[in-house]
Amino acid sequence: KVNLIIFGPPGAGKGTQAKFIVKKFNLFQLSMGDLLRDEVKNKTELGNKIDNLISKGNFANDEIVNQLLEKIITNQSYKNNIVFDGYPRTISQAKNLEKILSNENQSIHSIFFLNVPREIVEKRIMGRMTCEKCNITLNEFFNNEDEINNHKCGSEYLKKREDDNEKTIIKRYDEYMKKTKPVLDYYSSSNNFYEIDGGLKIDVITSKIDQILRV
Ligand code: ADP
């Protein structure tokens, strides 16, 4: 029973790896981006607030993010079973995560950093497609035509994310370097921190993570 953090720049493969680990070890994937997008889609009170911020080009603030986080962490059925994907993104979020976890008598078992250079990240984000039905992520440059055209839910469900365009990729990468890189420095000295070459093949990365979790 573990809580894990998967860390890395946008497009590093965090979601892809999180989905494998979650399935294999029967864990819960906490993707902050998905949580925020779900609130907006379900038009909750919080969702409207998020929509207001996002539509003006701002990102959800710490207060909103923390509120969503607490809802998941205090849910007993997810206790010590969470894979944090794309969270925390700032030092203040990292400290807050520790606080909420320790209040609930939980901790972080390991932190995985997928290290990927910017050139690779750009191509991965530009080609990214996620299935609206089963949530699997594919890539128009890396998956072959059959995998895309014969996707089991129907290829019409494979959608690109609106923020996955050339313009925002550079902005998101710069934001990552500015705000999220310090979080990496904050974690990198702990003995449960593992850096993995995120440029490797998907299944090679998965087995590296798998090996570490089995020890
Ligand atoms: P993140 O969650 O870090 O933003 P994703 O998991 O959504 O990244 O991956 C971004 C894109 O790159 C997706 O299209 C995915 O299929 C592809 N991808 C992920 N990991 C790898 C990898 N190791 N090698 C090649 N492509 C990958």
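The values are calculated or read from the model by the stated rules, or taken from the named source; none is laboratory data. Since we're looking at a predicted model, the values are computed, not measured. Ideal geometry is used to build each Cβ from the backbone, glycine not excepted, and the neighbour counts take in all protein chains shown.
Looking only at region 86-125, count how many residues are under 30 Å from Leu200 (Cβ atoms) and either of a type in the set (Val, Ile, Thr) or within 16 Å of the ligand (Cβ to nearest atom) (or both).
Looking only at that region, the number is 22.
So the check is Cβ under 6 Å with 6+ separation or different chains; which pairs have a first residue in region 188-210 that's within 15 Å of Ser110 (Cβ to Cβ) and a second one that's surrounded by 15 or more Cβ atoms within 10 Å (Cβ to Cβ) and of a type in the set (D, E, K, R)?
Ile196/Lys208
Within region 137-146, identify whether any single residue is within 18 Å of the chain's Cα centre (by Cα) and in contact (Cβ under 8 Å) with a residue 60 or more places away in the chain, and answer yes or no.
Scanning region 137-146, I find at least one residue that is within 18 Å of the chain's Cα centre (by Cα) and in contact (Cβ under 8 Å) with a residue 60 or more places away in the chain, so the answer is yes.
Condition check: surrounded by 14 or more Cβ atoms within 10 Å (Cβ to Cβ) and either near the ligand (Cβ under 10 Å from one of its atoms) or in a helix (DSSP H, G or I) (or both). Does Lys179 satisfy that?
Here the answer is yes, as Lys179 does meet what is asked.
Taking the options Ile169, Ile111, name whichever one is of a type in the set (A, V, I, L, M, F, W, C), buried (at least 16 other Cβ atoms within 10 Å of the Cβ), at pLDDT 95 or above and out of contact with any Leu (no Cβ under 7 Å at 6 or more places or on another chain).
Result: Ile111 is the single residue among Ile169, Ile111 that is of a type in the set (A, V, I, L, M, F, W, C), buried (at least 16 other Cβ atoms within 10 Å of the Cβ), at pLDDT 95 or above and out of contact with any Leu (no Cβ under 7 Å at 6 or more places or on another chain).
Name the residue, out of Gly33, Gly15, Gly47, Gly11, that is away from the ligand (no atom under 14 Å from the Cβ) and of a type in the set (Gly, Ala, Ser).
One residue alone meets the criteria, Gly47.
From Asn81, Asn26, grab the single residue that is touching a Lys or Arg at 6+ places or on another chain (Cβ under 7 Å), away from the ligand (no atom under 16 Å from the Cβ) and farther than 20 Å from Ser190 by Cβ.
Asn81
Does Glu132 qualify as being of a type in the set (Asp, Glu) and either near the ligand (Cβ under 9 Å from one of its atoms) or touching a helix residue (DSSP H, G or I) at 6+ places or on another chain (Cβ under 6 Å) (or both)?
Here the answer is yes, as Glu132 does meet what is asked.
Which members of region 102-136 meet the condition of being within 19 Å of the chain's Cα centre (by Cα) and assigned to a loop (DSSP other than H, G, I, E, B)?
Across region 102-136, the qualifying residues are Ser107, Ile108, His109, Val116, Pro117, Glu132, Lys133, Cys134, Asn135, Ile136.
Mind telling me which of the residues Asp174, Asp210 ends up being part of a helix (DSSP H, G or I), among the acidic types (Asp, Glu), surrounded by fewer than 13 Cβ atoms within 10 Å (Cβ to Cβ) and at negative phi?
Residue meeting the stated conditions: Asp174.
Residues checked against (1) under 20 Å from Gly86 (Cβ atoms); (2) among the small types (Gly, Ala, Ser):
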position	(1), (2)
Lys160	yes, no
Glu166	no, no
Lys179	yes, no
Ile196	yes, no
Ser207	no, yes
Val215	no, no
